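*Asks:* This is the structure I have questions about; it appears just below.
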6 protein chains.
Amino acid sequence: MKSSKIVKTRKYRLEMNDKILNSGFNDFKKFFALDNKAYLQGAIPVKYKELMGLVGSMVLRCNDCIFYHLDRCVTEGVTKEELYEAMNIALIIGGSIVIPHLRYAFEVLEELQTTAEIAPED
Amino acid sequence: MKSSKIVKTRKYRLEMNDKILNSGFNDFKKFFALDNKAYLQGAIPVKYKELMGLVGSMVLRCNDCIFYHLDRCVTEGVTKEELYEAMNIALIIGGSIVIPHLRYAFEVLEELQTTAEIAPED
Amino acid sequence: MKSSKIVKTRKYRLEMNDKILNSGFNDFKKFFALDNKAYLQGAIPVKYKELMGLVGSMVLRCNDCIFYHLDRCVTEGVTKEELYEAMNIALIIGGSIVIPHLRYAFEVLEELQTTAEIAPED
Amino acid sequence: MKSSKIVKTRKYRLEMNDKILNSGFNDFKKFFALDNKAYLQGAIPVKYKELMGLVGSMVLRCNDCIFYHLDRCVTEGVTKEELYEAMNIALIIGGSIVIPHLRYAFEVLEELQTTAEIAPED
Amino acid sequence: MKSSKIVKTRKYRLEMNDKILNSGFNDFKKFFALDNKAYLQGAIPVKYKELMGLVGSMVLRCNDCIFYHLDRCVTEGVTKEELYEAMNIALIIGGSIVIPHLRYAFEVLEELQTTAEIAPED
Amino acid sequence: MKSSKIVKTRKYRLEMNDKILNSGFNDFKKFFALDNKAYLQGAIPVKYKELMGLVGSMVLRCNDCIFYHLDRCVTEGVTKEELYEAMNIALIIGGSIVIPHLRYAFEVLEELQTTAEIAPED
């Protein structure tokens, strides 16, 4: 059940993004392309870029963005210790107002791990 | 002259921090200690932690924090390409409202490099 | 079912506003009056004021406010192209952190149009 | 039913905090300790500290934080008039973008009072 | 003297933007291009787009952005009444925290008008 | 010299407020009146309201607002210990991003005390 929440959140995201990208308003597309490109392998390895995305999302307190970057971090094989250190940087920068999003991040992380165990990608 | 601005900003920061730390209110000290500790070497290397600090500072649009983390990044030997990629992540996450802080970051970076050339620490 | 979500959101808003306005604390009332007045016809036509309200709501990432101003925009006959241009300004100003709210705006817009078709006000 | 929502929100909060505090990452614990300590009796009485927490939570637009500080305020015996005056300060400082959180605060307050009546702590 | 402040602010902005655009990091350029394009004539007239930019800048409390959009608004012939109505929307949305930026906007506006009178572009 | 900075900041504020209030746009006046009224004696004593204003200003990171509420707090006889406790609540809520504003608050506080000693209001 919990893992189905992960699947549902991913699905909603993709479906709505499709509607935005197919709206006929092309500059949405261009922005989304720039957004994707910012996290590709470069001088900074992908996993650290995703962790930067996570820190940015937590200090700006955006749960949808936290979900996305956590999901990407887990895919990139970021360890729990690395995630905690990044979350701690976000907590210190952003203060106690970040705590509800830290709770959310812990909840998502737990579900992502359950999902990964139940439905391995082999 | 420009390099003296770097020196002045660092000095003001240290002097005011001293006043806060010596105010007799101990929980300020404890928070500052946690803040320092968050960026120490751990599972994530120092330079990526500083880049995370830079991204957090840029999306929250805090010039003083941008100055500090850029200063630290340069000390840690972060390359221009790495800095640009991190700044770009901050720009994409935070939008055009980040641009004035990107200008500031470019200005500080230029001054930090001039300072480093004029006054090498050997 | 989707259209009932629109109806429910409008209803919750009105009911809670009533409780605030009837709380006996009069300065809430005065602020609400100023808020309403800001969007009345003036040197700037109502529809552009509502689009300004939409941009302000999107860059500040407030879904309840996005719902309200989108609802008002549709009532004022704002076209899809106008809405997309305003949403794009908000996306560029506020960055990728606005994207979850762009998804929400698309979802609400779709529902508002369905509601309008199912229950026309003639 | 409404009072069960209060109970559920409190429970989720405690459970997730436990997971964070038991994650083995000790600096989370230290931050939470500083956070708790900030609201203890000092030169400023507890109830005014909680009202400050409420104002901070409302202007930063964090519903989870509003819930917590309202819950604490009610426990500390803060009166409705005091709550309204603090909420009004938050509304004036933060503007109409705070209104959805004012609605939430009214909703929570109503539920807290119902809960208190149904389940007194004697 | 006051008008020279306007000239200086415009010059700093252009010079720093040049450095960013000539940094060799092309995605900065692409973002700046999208940013410029968002305010071009479309279904919404330029002047209302600039007023939307002003509202977005004021509620996000970015003086550099306020300067730029006010400068553009004056160039586009936006009237004082229209500016006041847009500023009022920003004030109501963003609250008293916007007041320092309203003071700044009044200061800039006064200087822009003096500059225009002293140095007409004919 | 330092005390003249306090005088200058107060003067700029009053002059610009006058221009806003005399602009002929009456809703600015109404908002300013509501703003003033929010901090008057009520169920909550003035000094705690000003401390709430200080906390709100610090977590929203507005130096002009911090200046004003600190100035008012000192006038109301708020003690250093009370100020530190309120500043600490703001620091914990808002995180390290508040530190530059804590430095500013310490600087202003020092100047306010010097001003008070040099130029007593008797």
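The values are calculated or read from the model by the stated rules, or taken from the named source; none is laboratory data. Computed from a predicted model, the values in this text were never measured in an experiment. Cβ sites come from the backbone with ideal geometry, for glycine too, and all protein chains shown count toward neighbours. Heavy atoms of the whole protein, side chains included, go into the accessibility calculation; ligands, DNA and RNA do not. Shrake-Rupley method; radii C 1.70, N 1.55, O 1.52, S 1.80 Å.
*Asks:* Answer yes or no: is there a residue in region F:79-87 that is without any contact (Cβ under 8 Å) to a residue 24 or more places away in the chain, closer than 25 Å to B:Gly24 by Cβ and open to solvent by less than 10 Å² (accessible area, probe 1.4 Å).
*Replies:* no
*Asks:* Also, quick follow-up: Answer yes or no as to whether F:Glu50 is open to solvent by 10 Å² or more (accessible area, probe 1.4 Å) and acidic (Asp, Glu).
*Replies:* Numbers: open to solvent by 10 Å² or more (accessible area, probe 1.4 Å): no; acidic (Asp, Glu): yes.
So F:Glu50 fails the test.
*Asks:* Further question: Given the residues F:Glu82, F:Glu76, F:Glu50, which is the only one that is touching a Phe, Trp or Tyr at 6+ places or on another chain (Cβ under 8 Å) and on the phi < 0 side of the Ramachandran plot? Break it down into steps so the answer makes sense when it comes.
*Replies:* Working: F:Glu82 fails: touching a Phe, Trp or Tyr at 6+ places or on another chain (Cβ under 8 Å); F:Glu76 fails: touching a Phe, Trp or Tyr at 6+ places or on another chain (Cβ under 8 Å).
Answer to the selection: F:Glu50.
*Asks:* Could you figure out which of (1) open to solvent by 10 Å² or more (accessible area, probe 1.4 Å); (2) in a helix (DSSP H, G or I); (3) closer than 30 Å to D:Arg61 by Cα isn't true of E:Lys11?
*Replies:* Here E:Lys11 meets the rest and fails (3).
*Asks:* So in region A:1-10, with the set limited to residues that are in contact (Cβ under 8 Å) with a residue 40 or more places away in the chain and not hydroxyl-bearing (Ser, Thr, Tyr), which one is nearest to C:Tyr104 (Cα to Cα)?
*Replies:* Going through the qualifying residues, I end up with A:Arg10.
*Asks:* Additional query: Being in contact with a helix residue (DSSP H, G or I) (Cβ under 6 Å, 6 or more places away or on another chain) and among the hydrophobic types (A, V, I, L, M, F, W, C) is the filter here, so list the residues in region A:35-46 that pass it.
*Replies:* The first filter runs over region A:35-46 and keeps only residues in contact with a helix residue (DSSP H, G or I) (Cβ under 6 Å, 6 or more places away or on another chain), leaving A:35, A:38-39, A:42-44.
Scanning region A:35-46 gives A:Ala38, A:Ala43, A:Ile44.
*Asks:* Looking only at residues in region D:34-47 that are over 17 Å from the mean Cα position of the chain (by Cα) and among the aliphatic types (A, V, I, L, M), which one is surrounded by the most Cβ atoms within 10 Å (Cβ to Cβ)?
*Replies:* Initially, region D:34-47 is screened for residues over 17 Å from the mean Cα position of the chain (by Cα), giving D:42-44.
Retained after the next criterion (residues that are among the aliphatic types (A, V, I, L, M)): D:43-44.
Details: D:Ala43: 14, D:Ile44: 24.
Checked region D:34-47; the qualifying residue surrounded by the most Cβ atoms within 10 Å (Cβ to Cβ) is D:Ile44.
*Asks:* With E:Ile97, E:Ile6 as the choices, which residue is farther than 30 Å from C:Leu34 by Cα and either of a type in the set (Val, Ile, Thr) or touching a Cys at 6+ places or on another chain (Cβ under 8 Å) (or both)?
*Replies:* Numbers: E:Ile97 fails: farther than 30 Å from C:Leu34 by Cα.
Of E:Ile97, E:Ile6, the one residue that is farther than 30 Å from C:Leu34 by Cα and either of a type in the set (Val, Ile, Thr) or touching a Cys at 6+ places or on another chain (Cβ under 8 Å) (or both) is E:Ile6.
*Asks:* Tell me yes or no: at least one residue of region A:38-46 is among the β-branched types (Val, Ile, Thr) and more than 7 Å from every other protein chain (Cβ to nearest Cβ).
*Replies:* To start, the set of residues in region A:38-46 that are among the β-branched types (Val, Ile, Thr) comprises A:44, A:46.
Keeping just the survivors that are more than 7 Å from every other protein chain (Cβ to nearest Cβ) gives A:46.
Yes, because at least one residue in region A:38-46 is among the β-branched types (Val, Ile, Thr) and more than 7 Å from every other protein chain (Cβ to nearest Cβ).
*Asks:* Restrict the check to region A:38-45 and report whether at least one residue is in a helix (DSSP H, G or I), out of contact with any Asp or Glu (no Cβ under 6 Å at 6 or more places or on another chain) and not small (Gly, Ala, Ser). If you could, list the steps in order and put the result at the bottom.
*Replies:* Restricting attention to region A:38-45, the residues satisfying the condition of being in a helix (DSSP H, G or I) are A:38.
Filter once more, so that each one left must be out of contact with any Asp or Glu (no Cβ under 6 Å at 6 or more places or on another chain): A:38.
With the extra rule that they be not small (Gly, Ala, Ser), the set shrinks to none.
Scanning region A:38-45 turns up no residue that is in a helix (DSSP H, G or I), out of contact with any Asp or Glu (no Cβ under 6 Å at 6 or more places or on another chain) and not small (Gly, Ala, Ser).
*Asks:* Follow-up. Do the conditions hold for E:Ala90, that is, is it part of a helix (DSSP H, G or I) and within 18 Å of F:Asp64 (Cβ to Cβ)?
*Replies:* Values: part of a helix (DSSP H, G or I): yes; within 18 Å of F:Asp64 (Cβ to Cβ): yes.
Yes; evaluated as a whole, the condition is true for this residue.
*Asks:* Give the residue, chosen from D:Phe25, D:Phe106, that is modelled with pLDDT of 95 or more, aromatic (Phe, Trp, Tyr) and closer than 29 Å to E:Asn88 by Cα. Spell out the reasoning first.
*Replies:* Values: D:Phe25 fails: closer than 29 Å to E:Asn88 by Cα.
So the residue among D:Phe25, D:Phe106 that is modelled with pLDDT of 95 or more, aromatic (Phe, Trp, Tyr) and closer than 29 Å to E:Asn88 by Cα is D:Phe106.
*Asks:* Pull up region E:14-32, narrow it to residues that are within 7 Å of another protein chain (Cβ to nearest Cβ) and of a type in the set (Lys, Arg), then point me to the one that is least open to solvent (accessible area, probe 1.4 Å).
*Replies:* E:Lys19
*Asks:* Could I ask something else about it? So which residues in region C:53-78 are of a type in the set (S, T, N, Q) and surrounded by fewer than 24 Cβ atoms within 10 Å (Cβ to Cβ)?
*Replies:* Taking region C:53-78 and keeping what is of a type in the set (S, T, N, Q), we get C:57, C:63, C:75.
Scanning region C:53-78 gives C:Asn63, C:Thr75.
*Asks:* Here's a follow-up. Can you tell me which of (1) within 14 Å of chain F (Cβ to nearest Cβ); (2) among the small types (Gly, Ala, Ser); (3) within 13 Å of the chain's Cα centre (by Cα) is the one A:Gly94 doesn't meet?
*Replies:* Here A:Gly94 meets the rest and fails (3).
*Asks:* While we're looking at this one, here's another question. Being part of a helix (DSSP H, G or I) and over 13 Å from F:Val108 (Cα atoms) is the filter; apply it to region F:59-79 and report the residue that is farthest from the other protein chains (Cβ to nearest Cβ).
*Replies:* Applying the first criterion (part of a helix (DSSP H, G or I)) to region F:59-79 yields F:59, F:63-75.
Imposing the further condition that a residue be over 13 Å from F:Val108 (Cα atoms) reduces the set to F:59, F:75.
Working: F:Val59: 5, F:Thr75: 18 Å.
So the residue we want is F:Thr75.
*Asks:* Okay, next question. When you scan region B:11-51, how many residues do you find that are within 26 Å of A:Val46 (Cα to Cα) and free of Cβ contacts under 8 Å to residues at least 24 places away in the same chain? Break it down stepwise before answering.
*Replies:* Step one: list which residues in region B:11-51 are within 26 Å of A:Val46 (Cα to Cα), which gives B:35-51.
Now drop any that are not free of Cβ contacts under 8 Å to residues at least 24 places away in the same chain, which leaves B:35-38, B:40-45, B:48-49.
Adding up the residues that qualify gives 12.
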